[in-house]
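Okay, structure first, notes after.
The values are calculated or read from the model by the stated rules, or taken from the named source; none is laboratory data. Treat the numbers as computed from the prediction; the structure is a model and nothing was measured. Note that each Cβ is placed from the backbone with ideal geometry, even for glycine, and that neighbours are counted across all protein chains shown.
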Amino acid sequence: MARYTDAACRLCRRESQKLFLKGERCYSPKCALEKRNYPPGQHGLGRKKTSDYGLQLREKQKAKRFYGLLEKQFHNTFLKAAKKKGITGENLLVMLETRLDNTVFRMGFASSRKEARQLVNHGHFTVDGRKVDIPSCQVKPGAKIAVRKRSHESPKFKEIKDMQITVPAWISVDVDKLEGTVLSLPSREEIDTPIAEHLIVELYSK
C-alpha cells in the first residue's frame with residue numbers, strides 16, 4: 001500500500017499551517033512550524049505571489065495532508081462525493097470525516113490521524129462487533145466503534161482511560177469501555193478542519 005514516508009513536518013511548513021500530523025509534538029515548541037514558519041526548500045523564503053490555480057491546488061493539497069490521503073485516494077473520494085445529492089464540497093468533507101481512521105482520531109483513541117490509521121491497520125478496532133482493519137472504511141450513523149478486548153491491556157489504551165477527551169457533537173464516547181458511537185453524519189458547522197472546500201471543487205471542475 002502506497003503511503004507518504006518523507007518528513008511530516010515538511011508538509012506543515014509547505015502549507016504554512018499546522019496539520020497536526022505528529023500528535024503532541026505539534027503542540028510543543030519542537031514543532032517545525034514554530035521554528036521555521038516558511039515553505040521548505042531553497043526558495044522557501046522567496047515565495048510570495050500565488051495565482052488562483054495555485055490557491056486551489058494548495059487547498060487540495062492541504063486537505064489531502066490533513067486526512068492522510070494520496071492523490072488517487074483523494075480524487076476517488078471526490079468523484080464519489082460529486083455523485084451524491086447535495087453540495088459536492090460538503091459531501092467531500094463529510095466523507096473524509098467519516099473514514100474509520102479519522103473517526104478513531106476524533107474519538108480520542110489516537111493522538112493523530114496517522115497514528116489512528118496505524119492502529120486500524122493493526123486490527124485494534126471493531127465496527128459493530130466485527131474487526132475492521134481498513135482505514136478508509138466509511139462509518140455510518142449508529143455504528144459502534146470499539147477497541148478490541150485483546151487490545152485493552154495495551155499501554156496505549158490504558159492511558160486513554162485516565163484522559164479527559166473532548167469529542168465533536170456527532171459522536172459519543174465511553175472512555176471506560178473504550179468504545180464510541182457515531183450519532184449522525186457531521187454537518188458542515190461541526191467540521192472544524194480549516195479547509196475551503198469550494199476551492200477544491202473549482203480545481204476539479206476545470
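Worth pointing out:
- Selection within the range 105-156 - touching a Ser or Thr at 6+ places or on another chain (Cβ under 6 Å) and either assigned by TED's automatic domain parsing to the domain that holds LYS80 or among the basic types (Lys, Arg) (or both): LYS144, ARG148
- Taking the numbered list (1) modelled with pLDDT of 95 or more; (2) under 13 Å from the mean Cα position of the chain (by Cα); (3) not assigned by TED's automatic domain parsing to the domain that holds GLN164 in turn, PHE78 passes all entries but (2).
- Complete set of residues in the range 166-184 that are under 17 Å from the mean Cα position of the chain (by Cα) and either buried (at least 19 other Cβ atoms within 10 Å of the Cβ) or not assigned by TED's automatic domain parsing to the domain that holds LYS149 (or both): TRP170, ILE171, VAL182
- Considering residues of the range 120-141 that are within 14 Å of the chain's Cα centre (by Cα) and not in a loop (DSSP other than H, G, I, E, B) only, the residue nearest to THR77 (Cα to Cα): GLN138
- ARG113 being touching a Pro at 6+ places or on another chain (Cβ under 7 Å) and buried (at least 21 other Cβ atoms within 10 Å of the Cβ): no
- Candidate set from the range 78-104 (those that are crowded, with 18+ Cβ neighbours inside 10 Å and among the charged types (D, E, K, R)); member that is nearest to SER187 (Cα to Cα): GLU90
One line per residue, one yes/no per condition, for (1) in contact (Cβ under 8 Å) with a residue 60 or more places away in the chain; (2) in contact with a His (Cβ under 9 Å, 6 or more places away or on another chain):
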residue: THR50; (1), (2): no, no
residue: ARG58; (1), (2): no, no
residue: ASN76; (1), (2): no, no
residue: LYS80; (1), (2): no, no
residue: LEU93; (1), (2): yes, no
residue: LEU100; (1), (2): no, no
residue: PHE109; (1), (2): yes, yes
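- Looking across the range 123-149, just one residue is in contact (Cβ under 8 Å) with a residue 40 or more places away in the chain, closer than 17 Å to ALA110 by Cβ and surrounded by fewer than 19 Cβ atoms within 10 Å (Cβ to Cβ), and that is SER136.
- Residues (among the basic types (Lys, Arg), within 10 Å of the chain's Cα centre (by Cα) and not in a helix (DSSP H, G or I)) located in the range 81-119: ARG99
- Every residue from the range 159-206 that is farther than 28 Å from LYS80 by Cβ and touching a helix residue (DSSP H, G or I) at 6+ places or on another chain (Cβ under 9 Å): VAL175, LEU178
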